[in-house]
Amino acid sequence: MKATIDRKTFIRNASALMALPWLNSAQAAILQGSNSKGETTHRILTCNIRVDLPADEAKGFGWQQRKDVCAQVIAAERPDIICLQEVLKGQFEDLKKAFPTFQGFGFEGPEMDAHPTGYHGIAKNPILFSTERYTLLSGGTYWLSETPLIGGSISWGSARARHAVYVRLQDNQSRQEFRIVNLHLDHMSQEARENQIGVLLHEADQYPDGFPQVLTGDFNAGMENPVYQLVKEKGWNDSYAEVHGETEPGFTVHFFQGENYEKKDKGKKIDFIFFKGQAKATAASIIRNHVDGRYPSDHFFVSADIQC
């Protein structure tokens, strides 16, 4: 799969969608054609959408200025499952409206953090999945701390509370069951990142070796980081590396500058989709699309086709 779709096709589709109310644009993109993937292939996206901040609004890339672009870029990938990071309640409501055939699942409050508003209080990693494709069997949240059942708990010098959201889904046609876990590791403390991923890996270990599991999120760590190695040592496979090889693919954080990001040569891929159990990756990409120079987020989104 190419890292970006054909530009003419994308612009033509985006132009048609822009003529509709933004809340309908995502649905329209999905309905443009049937999904040709096999019944057991699941297209999964991980999308750090950037929290809604007044400071961004003043610079011209606030949520109200880019939510239509975000919905269009996601919908153009025709996903089955969308894993999100940095999501405030209003943003989650917008995306649920943009994808009316998807169910949203995730921690929605109350704000269990020392900072209940703004960037500090986010800790939201919800998951959207197609209700036409899947049945929700179970789901939940636990906190990436020494006390994972205590909401908003913080350990190891983490800058803010972090948690994982998981859903266990059944494909309505194949009847295959599998599990998605979505997270956002701390952005400041390496000790926190390593211990936070340790909590998740320990929890995931309780499932049988062959049971398909997918791990998505913003890891705030690249392939050279010990966090990545800890995940690999526990039997998880990096979907992008499985398809494209172990070479560093380059930056996914670009601060709304895209390919013009001045530090792109030093940037790393920090957004990942891992899998384990009886599953394999058949395609993977970094989604670099934009609409008229407007990017959906300060991160490129990442996709993977997982077969199980």
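Miscellaneous remarks
- Tally, over region 205-256, of residues that are without any contact (Cβ under 8 Å) to a residue 40 or more places away in the chain, farther than 19 Å from T46 by Cα and surrounded by 15 or more Cβ atoms within 10 Å (Cβ to Cβ): 2
- Note on region 156-174: among residues that are of a type outside the set (A, V, I, L, M, F, W, C) and buried (at least 20 other Cβ atoms within 10 Å of the Cβ), the one that is nearest to R43 (Cα to Cα) is Y166.
- You will find that of T135, T147, the residue that is surrounded by fewer than 19 Cβ atoms within 10 Å (Cβ to Cβ), in contact (Cβ under 8 Å) with a residue 12 or more places away in the chain and of a type in the set (V, I, T) is T135 and no other.
- Of the candidates H184, H163, the single residue that is closer than 23 Å to P126 by Cβ and at pLDDT below 95 is H163.
- Restricting G90, G157 to residues that are modelled with pLDDT of 95 or more, over 21 Å from I180 (Cα atoms) and not aromatic (F, W, Y) narrows the list to G157.
- For region 47-96, a residue qualifies if it is among the polar types (S, T, N, Q) and in contact with a helix residue (DSSP H, G or I) (Cβ under 8 Å, 6 or more places away or on another chain), and the qualifying residues are Q64, Q65, Q72, Q91.
- For region 271-296, filtering for residues that are touching a strand residue (DSSP E or B) at 6+ places or on another chain (Cβ under 6 Å) and either of a type in the set (K, R) or assigned to a loop (DSSP other than H, G, I, E, B) (or both) leaves 4.
- Candidates in region 257-308 are the residues that are surrounded by fewer than 20 Cβ atoms within 10 Å (Cβ to Cβ) and of a type in the set (S, T, Y); of these, the one that is farthest from Y228 (Cα to Cα) is Y261.
- Failed criterion for I197 (all others in (1) crowded, with 23+ Cβ neighbours inside 10 Å; (2) of a type in the set (V, I, T); (3) out of contact with any helix residue (DSSP H, G or I) (no Cβ under 8 Å at 6 or more places or on another chain) hold): (3)
- The condition of being at pLDDT below 95, more than 30 Å from E146 (Cα to Cα) and either over 18 Å from the mean Cα position of the chain (by Cα) or assigned to a loop (DSSP other than H, G, I, E, B) (or both) holds for only one of E262, E242, that being E262.
The values are calculated or read from the model by the stated rules, or taken from the named source; none is laboratory data. Note that the coordinates shown come from a computational prediction; the quantities given were computed from them, not determined experimentally. All Cβ positions, even for glycine, are placed from backbone atoms using ideal geometry, and neighbour counts span all protein chains on display.
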